[in-house]
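The values are calculated or read from the model by the stated rules, or taken from the named source; none is laboratory data. Predicted model only: the values in this text are computed from it and were never measured. When we count neighbours, we look across all protein chains shown, and the Cβ atoms used for this are built from the backbone with ideal geometry, even at glycine.
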Amino acid sequence: MPLEMNSLSLGELVISGKGAKQIPLYSHDEPLVWRPGPLRVQWEPKAFNDPEASRVAICFQSTDAVQTYLQQLEAWMLKTLASAPRRYFGQDLTQAQIEERYNPAIKVSQKGYSHLRAKMNLTGRNGVKCWDSETKKTRKIPEDWTCCEVEPSFVIKGIWVMNKDFGLLIEMTDALICETSTLCPF
């Protein structure tokens, strides 16, 4: 699904009761939904230093299409933020200063592998809904995400802002799951 640049807009900076800052991102005045097609999970979803967390990071192997989509979105976002830095950051900043502070959605490992990092809730009313690729009915969360092909549905909720850093807040809300069988190599 191509990105419609003229449909995008940013809301006002919101500060939660816990002090988290976020700038909402909209497409046609609705949250931006993105379905990039089937992706492989890089490694098991987890939360930093909390094995019992219900909100975890999930990383997908990046594709050319994913990188192109996010590069277009990031270019629009950086230009929009640079047009009104006082409104979003509370101070005057140049385009270069804003770009320095940005944490891209595509991460590149020391070995050169790129992956898309998103968040997902494992439980609760906002928990990720998993769907079986054959029956199109809901199913349980996979025991091993790395043995699955996942067709994620993301909501790009907006931009998180923490200290001087910021980045896209991408959350997987639904996942079409196709589990691949693990064959014995002997």
Do you know which residues across the range 119-138 are over 26 Å from Tyr69 (Cα atoms) and either surrounded by 17 or more Cβ atoms within 10 Å (Cβ to Cβ) or β-branched (Val, Ile, Thr) (or both)? Thr123, Thr135, Thr138
Of the residues that make up the range 94-106, is at least one touching a residue at least 40 places away in the same chain (Cβ under 8 Å) and either touching a Ser or Thr at 6+ places or on another chain (Cβ under 7 Å) or among the hydroxyl-bearing types (Ser, Thr, Tyr) (or both)? yes
Which fully enclosed strands (runs of 3 or more DSSP E) of the range 1-115 have 3 or more residues being in contact with a strand residue (DSSP E or B) (Cβ under 7 Å, 6 or more places away or on another chain), of a type outside the set (D, E, K, R) and surrounded by 11 or more Cβ atoms within 10 Å (Cβ to Cβ)? 8-10, 21-27, 30-34, 39-46, 55-61
From Ser114, Ser109, residue being under 20 Å from the mean Cα position of the chain (by Cα) and at pLDDT below 90: Ser109
Please give the number of the condition Glu52 fails out of (1) over 17 Å from the mean Cα position of the chain (by Cα); (2) farther than 27 Å from Thr146 by Cβ. (2)
Need pairs with beta-carbon distance below 6 Å; first residue on the phi > 0 side of the Ramachandran plot and within the range 1-26, second in a strand (DSSP E or B); sequence gap 6+ or separate chains. none
